[in-house]
1. Any chance the stretch 578-590 includes a residue that's basic (Lys, Arg) and within 28 Å of residue 456 (Cβ to Cβ)?
2. Among the residues of the stretch 465-498, which ones are of a type in the set (A, V, I, L, M, F, W, C) and touching an Asp or Glu at 6+ places or on another chain (Cβ under 9 Å)?
3. Check whether at least one residue in the stretch 4-18 is at pLDDT 95 or above, crowded, with 21+ Cβ neighbours inside 10 Å, over 26 Å from residue 585 (Cβ atoms) and away from the ligand (no atom under 16 Å from the Cβ), and report yes or no.
4. For the stretch 544-576, give me the residue count where each residue is within 16 Å of the chain's Cα centre (by Cα) and either of a type in the set (Val, Ile, Thr) or assigned to a loop (DSSP other than H, G, I, E, B) (or both).
5. Can you confirm whether residue 463 is of a type in the set (S, T, N, Q), buried (at least 19 other Cβ atoms within 10 Å of the Cβ) and in contact with a Lys or Arg (Cβ under 8 Å, 6 or more places away or on another chain)?
6. Testing residue 207 on (1) part of a loop (DSSP other than H, G, I, E, B); (2) within 16 Å of the ligand (Cβ to nearest atom); (3) buried (at least 20 other Cβ atoms within 10 Å of the Cβ), one condition comes back false. Which one is that?
7. Can you pull out the residues in the stretch 40-55 that are under 21 Å from residue 167 (Cα atoms) and either crowded, with 24+ Cβ neighbours inside 10 Å or more than 16 Å from the ligand (Cβ to nearest atom) (or both)?
8. Just give me the residues in the stretch 493-526 being surrounded by fewer than 20 Cβ atoms within 10 Å (Cβ to Cβ), more than 25 Å from residue 230 (Cβ to Cβ) and under 28 Å from the mean Cα position of the chain (by Cα), in sequence order.
Amino acid sequence: MDAILGISAFYHDSAAALVIDGEIVSAAHEERFTRKKHDASFPAQAIVYCLEEAGLALQDIKAVIFYDKPLLKFERLLETYYAFAPRGLRQFLSSMPVWIREKLFLRKLIQDELKTIANNTFKLSDSSKIVNNIKLLFTEHHLSHAASAFFPSPFDEAAILTIDGVGEWATASICRGKGNQITILRELDFPHSVGLLYSAFTYYLGFKVNSGEYKMMGLAPYGRPESETTLRYEKLIKENLVQIYEDGSVWLNQEYFDYAVGLKMIKERKWEELFTLPRREPETELSQEYCDFALAAQRVTEEIVFKLARTARQVTGSKYLCLAGGVALNCVANGKLLRSGIFEDIWIQPAAGDAGGALGAALAGWHIWLNKERKSAQKDKMQGAYLGPEFDNKEIKKVMRKYGAVGHEYEDFEQLCRDVASLLDKGMVVGWFQGRMEWGPRALGNRSILGDARNTEMQKKLNLKIKFRENFRPFAPSVLAEKVDEYFEMKHESPYMLLVCNVKKELRRTLPEGYDNYTWRDKLYYVRSELPAITHIDFSARVQTVHKETNERYWQLIKAFEEQTGWGVIVNTSFNVRGEPIVCTPEDAYRCFMRTEMDYLVMGDVLFKKEEQPQWEEEKDWREEYELD
Ligand SMILES: [Fe+2]
C-alpha cells in the first residue's frame, strides 16, 4: 500500500488530501475544523481527519507533498524587489521576516508540525524517527492545480488550463495531460495575472480580496449591458489597466497596481481619476455605477479566459479541457466556455482554489513521482466531492443531550423525505445535514440549507434572515440530474455547481417595458420566472445536478419534492452564516440552526423543529465570532 498525503497551507485555504494507491480516500479544508474562514495555518486537524478516515497512522504514510515550492516563491519576492527597487522596499521588508522565519524553513516547519501530530494524536514515542522517515516533497504551485484538474477528470488526455492569482512565478499555465503525465506548454508570469486583476476589481468594488470575488460575479448581471457607463468602463480597463493579447496572455500596467511593490492591491487615486468613480467603501450602498463596473470587469475577464482556452485548444489539439486555479471558480465564464464549443467537453476541479492544490499534490505524487499508471474511467474520480467527515445518529444524539435539543427520529427515511418535502412546499427553510462533508467551497447537499425555488419570498428570507448577507446575492438550484433540461438550457452534468446556464424560456416571465432602465434594486425582487429564488437577474442559474449514484439521500429528498409538487428542483445554499465556514459537525449545524431563523433542521434521520427547541442563549453576541467576508 502506498499512501500519499497532500498539503496546502500558509497562503490561504489550507487543506489536506489523502490518496491511497491512486484512490482519493479523504480530503478536507482546515477552516471547517478550526471554524476560521480561509484558515491558512498548518492543516493539522484536516491531516488527522484524513488519516483517521483511512484507518491509518502517521507512520503509514509514504510521502507528504506540499503544494508549492517555497524557494521559487522566495526567488520571486527577491526578484520583484530588485525589479521594482527602490519602490519595492516596503513589500520586501514586510514579507521578508515571514519568509525567513517560516517559509524558507518550510521543511523544518512541516516536520515539526507532523511531529506534534505524531506525539499528540497518535501518541508515538519515536515521533522524530517516524517523521524523518516520511519523504517530504514539494511540487510546483501550478502543477498542483493542473494535477487536481486532470488526474481526477474523466478524460484520458486533455488540455489543462490553470488560472489564479499567483503561485511561485506562474499566474496561468497551459498544460497537456496524457495518461499519467502532465507537460507544461505555456506559462504566464507574475506580475501579469488574471486572478490578481480580478481581485483588484473586487477590491475596487469594496469586497474582500480572496473571498469577495464571488460577490463581484454575482453583482455583474445587475450592470446594464448596453449602457454608456458599462461600455466606457470596459474601454478604460482595456486601454489603461490591461493589455490583452490574442493568445490570452495579458500585460498589466503596473502604474495602476500596487500588489507587486506595496501592501495594497491597487493605486486607488489613479483608478478613481481614470474611472471618475470613488472606490466603494465596504458595506456601503451599491449604486448602479458599481454594478456596471462589475459587469465590465466580468466581461474583460471572460474575454481573457476565452482567449486562453482557444490557445489551449490550439497548442494541445485536444477536444477536452480541464480547469483549476481560483479563476476556474468563475462559473459564469465556465458556462459560457462550455457553450462556446471551443472544447467538446470540460471538467473543473471542485476545489479549484488553493485548497485543491493539496489534492493535486497528492495525485501528482502517485502518478508522476511514483510513475503509476492512470486508468481510464467513464466518470470522474471525485465521488461527488463527498470526501470529508461524516457523523452517525449516535454523534447526533450526543449533541441533542448536550443542548437538550428536541428531535424526532425517523425509522423510514422515505417518510422523512416526504415530510421535509411538504415543509419546503409550505415555504419553510430546512437545514440538511447528511453523510460526508463536501470538498471545495460549495455545499452540495450534505451541509446545505434548503428552500422552495418557486417561493417569491425565498431569496429575501435566506439572505436577510438566515445567512445575514447582502440582499443582491443570488441562490443556486439543486436539480435531479436526469431532469436538468426540463428547467435549464443545459444537458451537461454539473455536480459541483460550477456551471451557469439559463433557465428555460418556457419558465421565464415576460419583462415589462422599460425593464432595462429599472434600477438594480427594482430588478432585484422582480419575479422573472416560475423559479424566482434561483433565477438570476439575467435569467441565469448556477446549477447543481444531483446524482443518485453519488448522493442517494439528497436525490431521494428532491425526488419526494417532485412527487408532491411536480418540481424536481429546490434552492441549495451552504450551511453557514456570513463569514462562517460551512458547518462540519452536528454541533456546528445545531448551533447555526439555533442562531438563525431557519425553521427546521434534519441531521441524519432526526428532524428538529425550531419551535420545539429550548431557548437559545449565548453570553456574547455570536456575530462577533465571524469576520465579515
Ligand atoms: Fe493557486
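1. Residues of the stretch 578-590 basic (Lys, Arg): 578.
Still in the list and also within 28 Å of residue 456 (Cβ to Cβ): 578.
The answer is yes, given that some residue of the stretch 578-590 is basic (Lys, Arg) and within 28 Å of residue 456 (Cβ to Cβ).
2. Step one: filter the stretch 465-498 for residues of a type in the set (A, V, I, L, M, F, W, C), giving 466, 468, 472, 475-476, 479-481, 484, 488, 490, 497-498.
Once the filter is applied, which keeps residues that are of a type in the set (A, V, I, L, M, F, W, C) and touching an Asp or Glu at 6+ places or on another chain (Cβ under 9 Å), the stretch 465-498 yields 466, 479, 480, 481, 484.
3. Yes; the residues of the stretch 4-18 include at least one that is at pLDDT 95 or above, crowded, with 21+ Cβ neighbours inside 10 Å, over 26 Å from residue 585 (Cβ atoms) and away from the ligand (no atom under 16 Å from the Cβ).
4. Qualifying residue count, the stretch 544-576: 3.
5. Working: of a type in the set (S, T, N, Q): yes; buried (at least 19 other Cβ atoms within 10 Å of the Cβ): yes; in contact with a Lys or Arg (Cβ under 8 Å, 6 or more places away or on another chain): yes.
Yes, satisfied.
6. (2)
7. First, the residues of the stretch 40-55 that are under 21 Å from residue 167 (Cα atoms): 40-43.
Answer for the stretch 40-55, where residues must be under 21 Å from residue 167 (Cα atoms) and either crowded, with 24+ Cβ neighbours inside 10 Å or more than 16 Å from the ligand (Cβ to nearest atom) (or both): 41, 42, 43.
8. 493, 504 - these are the residues of the stretch 493-526 that are surrounded by fewer than 20 Cβ atoms within 10 Å (Cβ to Cβ), more than 25 Å from residue 230 (Cβ to Cβ) and under 28 Å from the mean Cα position of the chain (by Cα).
The values are calculated or read from the model by the stated rules, or taken from the named source; none is laboratory data. Here the structure is a predicted model, which is why all the values come from computation and not from measurement. Glycine gets a Cβ as well: all are built from the backbone with ideal geometry, and neighbour counts include every protein chain shown.
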